[in-house]
Amino acid sequence: MSATIIDGKAFAARVRENVAARVRELRNTQGITPGLAVILVGEDPASEVYVRNKAKFTVEVGMESFEFRLPAATTQDALLAKVRALNANPAVHGILVQLPLPKHIDENAVIDAIAPEKDVDGFHIVNRGKLATGQDALVPCTPLGCWMMLKDTLGDLTGLHALVIGRSNIVGKPMAQLLLNSSCTVTVAHSKTRDIAALGRQADILVAAVGKPKMVKGEWIKPGATVIDVGINRTDAGLVGDVDFDSAKTVAGAITPVPGGVGPMTIACLLANTLKAVHMQHKLDFAPIL
Ligand code: NDP
């Protein structure tokens, strides 16, 4: 048996097409052009690439892209003032502060300064609290993309047993909450968990968000399970995920590759979140993307 490969690149393209069509409709019916502002502090090369890609896709779907590149020495007060100015700017519907920030700046203080309805990364405590209590929220982009791929692959997730490996605030925890809100039975594993392999063998859905190359082996996976590999690990052999793809694909029913799985969905979900943010700010009904 060989698993179906979940093509994240193609799925992300479909999400972006859908967002683009809805952006056109918004402009025609409401006269609104969604705007996404990205702030980059300092010159981290990986962040530079992310910010460039975000701006490219923002423009491609017909949104307005605002980019702010601030020097590494920017003070926390100056950054907070920038965020507040963007909160007050009606042309800006989404604000993203690229992380990590230089060490002299408190990331939580900056995230909490973003207006929750413009927090398209879903990192503000209000959005985190809403997700945790099952209310409508702006949800962090990477787990949102994983959840959309799971829905697309499996349909109704009710009653399925999901194992999420990793409990970070950016991926593991919001992933577990999304699955719980979809009525899955959720197990969250982390570095102190005993016998993850045995938990894996009971799981209909396995999401790996660890940061350890090829940690999840084929024998950890329940036959026919759907496996989502969030990991991005740079090794001498190139980019690999947290799942040992070669052994996993002989057992799983469906699996995301690395690269070309979860990665491309993250920016697509950022655009979807920006569209949702526009609807929240203008009190318009928002139908889910796909
Ligand atoms: P973090 O380092 O913040 O969290 C890793 C989690 O894995 C922690 O909860 C940690 O447990 C757990 N963990 C570490 N070692 C083990 C182990 N041996 N067994 C079980 N659990 C373990 O990482 P992130 O959540 O930010 O990212 C996870 C991966 O996803 C990374 O490879 C990252 O590059 C990738 N990523 C990909 C994105 C994309 O767009 N595709 C976006 C974001 C991340 P504990 O809490 O106990 O320390």
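The values are calculated or read from the model by the stated rules, or taken from the named source; none is laboratory data. Here the structure is a predicted model, which means the values were calculated and not measured. Heads up, the Cβs are rebuilt from the backbone with ideal geometry, glycines too, and the neighbour counts pull from every protein chain shown. With ligands, DNA and RNA removed, areas are computed over all heavy atoms of the protein, side chains included. Shrake-Rupley method; radii C 1.70, N 1.55, O 1.52, S 1.80 Å.
Quick notes
- Among the residues of region 232-248, not a single one is on the phi > 0 side of the Ramachandran plot and open to solvent by 50 Å² or more (accessible area, probe 1.4 Å).
- Restricting region 138-157 to residues that are over 22 Å from residue 3 (Cα atoms) and part of a loop (DSSP other than H, G, I, E, B) leaves a set whose member that is farthest from the ligand (Cβ to nearest atom) is 138.
- Among residues of region 79-88, those that are open to solvent by 10 Å² or more (accessible area, probe 1.4 Å) and either touching a residue at least 40 places away in the same chain (Cβ under 8 Å) or of a type in the set (Val, Ile, Thr) (or both), counted: 1
- Those residues of region 158-171 which are among the hydrophobic types (A, V, I, L, M, F, W, C), within 11 Å of the ligand (Cβ to nearest atom) and in a loop (DSSP other than H, G, I, E, B), in sequence order: 170, 171
- Checklist (1) in contact with a helix residue (DSSP H, G or I) (Cβ under 7 Å, 6 or more places away or on another chain); (2) over 18 Å from residue 150 (Cα atoms); (3) not charged (D, E, K, R) applied to residue 233, failing item: (1)
- So residue 287, is it touching a residue at least 60 places away in the same chain (Cβ under 8 Å), of a type in the set (Gly, Ala, Ser) and at negative phi: no
- Selection within region 172-208 - closer than 16 Å to residue 147 by Cβ, open to solvent by 20 Å² or more (accessible area, probe 1.4 Å) and within 11 Å of the ligand (Cβ to nearest atom): 173, 188
- Neighbours by Cβ (under 6 Å, 6+ apart or cross-chain): first from region 231-247, in contact (Cβ under 8 Å) with a residue 40 or more places away in the chain; second of a type in the set (Asp, Glu) and crowded, with 18+ Cβ neighbours inside 10 Å: 242/229
- For the residues 142, 133, 226, the requirement of being in contact (Cβ under 8 Å) with a residue 60 or more places away in the chain and either of a type in the set (Lys, Arg) or open to solvent by 10 Å² or more (accessible area, probe 1.4 Å) (or both) singles out 142.
- Tallying residues that are within 11 Å of the ligand (Cβ to nearest atom) and among the aliphatic types (A, V, I, L, M) within region 244-273 yields 6.
- If you go through region 258-289 and keep only what is among the basic types (Lys, Arg) and buried (at least 21 other Cβ atoms within 10 Å of the Cβ), you end up with just 276.
- Yes/no for residue 211 being at positive phi, within 15 Å of the ligand (Cβ to nearest atom) and modelled with pLDDT of 95 or more: yes
- Residue within region 122-134 that is within 16 Å of the ligand (Cβ to nearest atom), touching a strand residue (DSSP E or B) at 6+ places or on another chain (Cβ under 7 Å) and at pLDDT 95 or above present: no
- Taken together, the residues in region 3-34 that are in a helix (DSSP H, G or I), small (Gly, Ala, Ser) and open to solvent by 20 Å² or more (accessible area, probe 1.4 Å) amount to 3.
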